[in-house]
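See structure below.
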Amino acid sequence: MRFRAKVVDIGCIEQFTRVVSTVSKMTPLCILRLTVNKMYFILNDKVAKGGIWCELTASNFFDEYRMEGLSEEANEIYLEITPEDVVRAMKTAQTAKSVKVKLTKKFSPCLTFDIELPSRTGHSRNVVHDVPVNVIPKSLWSEYSEPTVPDFDVSICMPPLKALRNVVERMKNLGSYMELSANQNGEMRLRVETDQVTVSTHFKDLEIPEWVNEGSESQTQGRQPDEMVGARVDIRRFLQFLTGQQLNPPKIICNIVDNRLIHFFLLQEDISMQYSMPIIHQ
């Protein structure tokens, strides 16, 4: 197996750092899947930690990108990594002339980040970070396939992240769990209910994704537009998701299966990210 990539553009370096930083806020450990032209960050442990599927097109980030997998029939590489280790390495690259990433074998398999930095003397200097990884055997690859999302009851574009963060930040002092619900009239409700108090915040006139208007095969067709559906989530985990967004996506779509699933889809020009949040059953 071989992997080697290089990025020169400082904007791409910064964007890649933001992607990995966002992933690191959602999980301490994930799978890095490398294919011929794409890179994925994956977590499929939906029950305990939620599911993550982050997909990057290599040509949008890297000037050079070469990968050789196990064989022609299995031309992929799966690595277990700690995203925070990658973030630490990339923070060194904020003013880098280039960043080279290579799969190496040192004391153990590593992703080696060779960062070329400018210097006042005119001579370049290099900083090298070795990030330990575990190679995932082919027999386990099927566990990291793209998650299938069941037909949803409601699909809605979320309010601006800043407004959501401000609301949830205040609500976390009232209780441990929050009900997130919405309908197809463009309304979303956040509610915290305890024995002492019930507090809810309503957002109206939110955008409905185009696929709903075009006639999706989802369960939305069997419900009244004003019917609220939702599920309970851990309020601190939801806040962690909101505060961890380093990408500032122009749009986040929230898909809800009543009392079963809350699925977020982050849309950006060169990045696709999905996150399934664990549900708290009453």
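The values are calculated or read from the model by the stated rules, or taken from the named source; none is laboratory data. Being a predicted model, the structure only gives us computed values, none of them experimental. Note that each Cβ is placed from the backbone with ideal geometry, even for glycine, and that neighbours are counted across all protein chains shown. Just the protein is used for accessible areas: all its heavy atoms, side chains included, with ligands, DNA and RNA removed. Shrake-Rupley method; radii C 1.70, N 1.55, O 1.52, S 1.80 Å.
Considering only segment 105-138, how many residues are more than 25 Å from Gly11 (Cβ to Cβ), among the β-branched types (Val, Ile, Thr) and buried (at least 16 other Cβ atoms within 10 Å of the Cβ)? Qualifying residue count, segment 105-138: 2.
Among residues of segment 184-206 that are free of Cβ contacts under 8 Å to residues at least 40 places away in the same chain and farther than 21 Å from Leu239 by Cβ, those with a Cβ under 9 angstrom from a residue that is open to solvent by less than 80 Å² (accessible area, probe 1.4 Å) and of a type in the set (D, E, K, R), sequence gap 6+ or separate chain, pair up as Lys204/Glu187; Asp205/Glu187. Touching a Ser or Thr at 6+ places or on another chain (Cβ under 7 Å) and within 20 Å of Leu34 (Cα to Cα) - does that describe any residue in segment 144-157? Yes; the residues of segment 144-157 include at least one that is touching a Ser or Thr at 6+ places or on another chain (Cβ under 7 Å) and within 20 Å of Leu34 (Cα to Cα).
Residues considered: Asp270, Asp226, Asp234, Asp258. Of these, the only one that is closer than 21 Å to Asn44 by Cβ and acidic (Asp, Glu) is Asp234.
Could you list, in sequence order, all residues of segment 27-86 that are open to solvent by 60 Å² or more (accessible area, probe 1.4 Å) and free of Cβ contacts under 8 Å to residues at least 60 places away in the same chain? Passing the criteria: Pro28, Leu29, Val36, Asn37, Asp45, Ser59, Asp63, Glu72, Glu73.
I need a count of the residues in segment 1-36 that are within 19 Å of the chain's Cα centre (by Cα), outside any strand (DSSP E or B) and at pLDDT 90 or above. Of the residues in that region, 16 qualify. Return the total of residues in segment 237-282 being under 21 Å from Glu14 (Cβ atoms) and among the polar types (S, T, N, Q). Residues in segment 237-282 being under 21 Å from Glu14 (Cβ atoms) and among the polar types (S, T, N, Q): 6 in total. Of the residues examined, Val19 is not one that is touching a strand residue (DSSP E or B) at 6+ places or on another chain (Cβ under 7 Å) and open to solvent by 70 Å² or more (accessible area, probe 1.4 Å).
For segment 139-149, the set of residues classified as within 23 Å of Ser272 (Cα to Cα) and loosely packed, with under 14 Cβ neighbours inside 10 Å consists of Ser142, Glu143, Ser145, Glu146, Thr148, listed by residue number. If the condition is being over 24 Å from the mean Cα position of the chain (by Cα) and surrounded by fewer than 13 Cβ atoms within 10 Å (Cβ to Cβ), then segment 171-212 contributes Asn173, Thr194, Asp195, Gln196, Val197, Thr198, His202, Lys204, Asp205.
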